Structure formats: structure tokens, C-alpha cells
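One structure is given here, and the rest of the page talks about it.
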Amino acid sequence: MSAVLRITEPDGRSWEKQLVPGALFSIGRAKENDIVLNDRRVSRRHAHITSTGNTFNIVDGSIENGEVKRSVNHVFVNGSPMLEKPLEQGDIVIIGESKLEFVQKAPPQVSYSPQEMQISIPPIAAPKAAPAFVASATRSAPAATSVPRAVDYDDNPLGQTQMKYVQTQLQKSKAAWKVMANEVTVMPTKVLGGSYFTYDGWQGYPQEREELLTYIRDNSIPDVVFVTGDIHTFITGDVRTNMGDGDTVAIELVGGSVTSQGLGESDVDGGAGVVIKGNDANPNTPPALIEALRGINPWVKAADFDHHGFAKVTATQTGFDCTLVRLQTIKQRSKATLPPGSDYAVHIARGQKSLFA
């Protein structure tokens, strides 16, 4: 028995995906998934669908190193969060802001006359044993010999076990610099109208963010530096409690991408119905727009949506120096870089919490 997912993405685009028994279908924002959702609230590898016989199962998370790593924003079926669930006719799955309706199709009923039923069937060789795990036709995967172990994240990015571990390590560390590496920014990102750019990050979990930052503040833990990547943008600024309206506790340095598409190369939702138009061939975000966004994100010291490159850090007992190396262009072969200036060549002294000091 086959089935389809009727998918509606946030921009209104609708399409269908045929589900085949015996195959595994990965779901996420990354292009290598079997079902790719153009939805900023969907994780890169958010969920997957398995099947047993004619039953299809939605599973929150992706299989990594034999374990199921749960998503940050969860999977909802008919309005309720689900880690795993057999799908039934008409089930509505919500992933991010995308809707996936499950429709199961029974094979057509065919009737035969008595004459048509009188057929001879030649002997058929016994089939070879099927593997225990079968990927979709477009991708291959090793056979699985056991059910992956699920890893639960307590409905937030860290979970209490990991939160306590991080707090303990920060408290007892004797290192000159406590470097906290992130995929997404700890600084919140607001857009026009006062809404947030996305919730797939720390700003989507304000309680846990506040728990971590107030712990750093209340325990007077010095010289914490957040270093962040994976958002394809150069940003420097201060990390503050209360979603940016509170106390400054640390500095954050965000490195751009080497080649992956940046914000200036794609259309971006600027909030309040404003779309910031990108230009992949010649990214050139208006400085006035950057200043407008900095006005509603006053913790940001500098931001560059248009250039690519990397960050170079030299840390000593007395200082933390970071140069955000920005190439003039990657559209043609070149080694030319932009002058860093004070905004993109950052020196942090021991005990310094703010770039605005």
C-alpha cells in the first residue's frame, strides 16, 4: 500500500511526495534530504519517515552515528508534539511552519472472470533475504542491525544535564578564556516590526538562554567569549541578558562563510512585510539598511551581509585577538581582502565584557 505526503510550505508552495514501503525518507532544510523543506524554522536534518509493512512512521530527529538526534523545534502531529508516531489517514504533521498531510492509498481493486482466473504460474525461485534497512532509491545506506538509540534533549537545546555540565565547567575553569562555540548566535536578531528573524536558535529558547547568561553574570565568571559560525554572516557585538535588554555578560564574534550563500546573496524577510532583496552575482546590501537593523539590535557592533571569509584568532594570557578576514569577492579568483578596521579586527582585554566600552 502506497502513500503520499501533501506538503505546503510557508510561502504557500504545495507539492506531493510519494512514500514507498521499505524506504527511509529524511526530512529537513538541507539539500541532501529526500524531502527538502524551504522553511527557516526547520532544522537541517529535522525528521525522517520509516515503514514497517504498510505502516509509515514519523520520527523526530535524524540518525547520526547510530543514534536518533532529536530536533530543536520538534515534530507535531495533529497539534501534539511527537517523538515517534505511526501515521494514519489524514494525519497533519507540522514541521517548522510547513504542513505535511498524510494520505494513504489502497491499491485498485481488480476483478477477473472465471476464464481469466484459469492461468498457469511457473515455478518461482525463492527470493533473496531482504536487508533489515532499506534507503530510498536515490540514496544508499548501510544495513542496520539494531534500532537506533534515541537521544532526548529535554525540549531545549541543551537539556538540564548538559546545562549543569556547562555551568559547572565554566565555574571551575582556570583557563584565561572560556570560549563557547555555537552554530547560531546567542545575540538575538530582530527585524523590522519588532519580530525575530528566526526561532531556530537561542532566541527561540529564551528561558534557557537566560539561565545560562544569568549564571555567568551572577557567578562573576570572567572572560567568556562566544564564537559562532554557520549563519554565513560577519557580526560582532555584546551578549546581554533579558533578550538584549539586560546586563552585558560577554562578547560574541560571528565568522562568515567561505563559499556558502550569505544573506546579501539571497532574499531575506526583513519583517513588517519588507523583503531585503539579495543579489547573488553582486551582493551589495545598502549601508542604511544595516544601520536600521543595528538600530533595533543595539547590541550589534558591526555586521557584513555581503562578504565571505573566515575568522583568525590569537589568544594569550593577556588578550583575545580576532580578525574577521573578509575577501573582496569569491565570484572570481582573487586573494584580495578588505581592510578590517576596528570593527573587524577585535582586541579583547582580560576582564572586558563589551565591545562598546
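Contact order for region 162-280, expressed relative to its length and based on alpha carbon pairs under 8 Å spaced 6+ residues apart, stands at 25 percent. The mean of 1/r over all distinct Cα pairs in region 1-76, once inverted, gives the Kirkwood hydrodynamic radius of 12.9 Å.
Ranked by solvent-accessible area (1.4 Å probe, protein heavy atoms only, all chains present), the residues 82, 243, 187 order from largest to smallest as 82, 243, 187. Measuring between their Cα centroids, region 16-91 and region 212-237 lie 32 Å from each other. Here the contact order of region 233-357, divided by its residue count and restricted to Cα pairs under 8 Å and six or more residues apart, works out to 27 percent. Amide H contacts of residue 77 (H built 1.01 Å from N, in plane; Pro and chain starts excluded): 82, 94 sit under 5 Å, all sequence-distant by 5 or more or on other chains. Is region 255-357 best put as rounded, prolate or oblate by its Cα gyration tensor, with a ≥ b ≥ c the root eigenvalues, rounded for a/c under 1.5, and otherwise prolate when a/b is larger than b/c, oblate when not? It comes out oblate by the Cα gyration axes. Normalised by the number of residues in region 166-235, the average gap of Cα pairs under 8 Å and 6 or more apart makes the relative contact order 46 percent.
Which shape class, rounded, prolate or oblate, goes with region 224-304 when its Cα gyration tensor gives a ≥ b ≥ c as root eigenvalues, a/c under 1.5 marks rounded, and past that a/b bigger than b/c marks prolate? Note, shape of region 224-304 comes out oblate.
The values are calculated or read from the model by the stated rules, or taken from the named source; none is laboratory data. This is a predicted model, so every value here is computed, not measured. Ligands, DNA and RNA are excluded from the accessible area calculation, which covers all protein heavy atoms including side chains. Shrake-Rupley method; radii C 1.70, N 1.55, O 1.52, S 1.80 Å.
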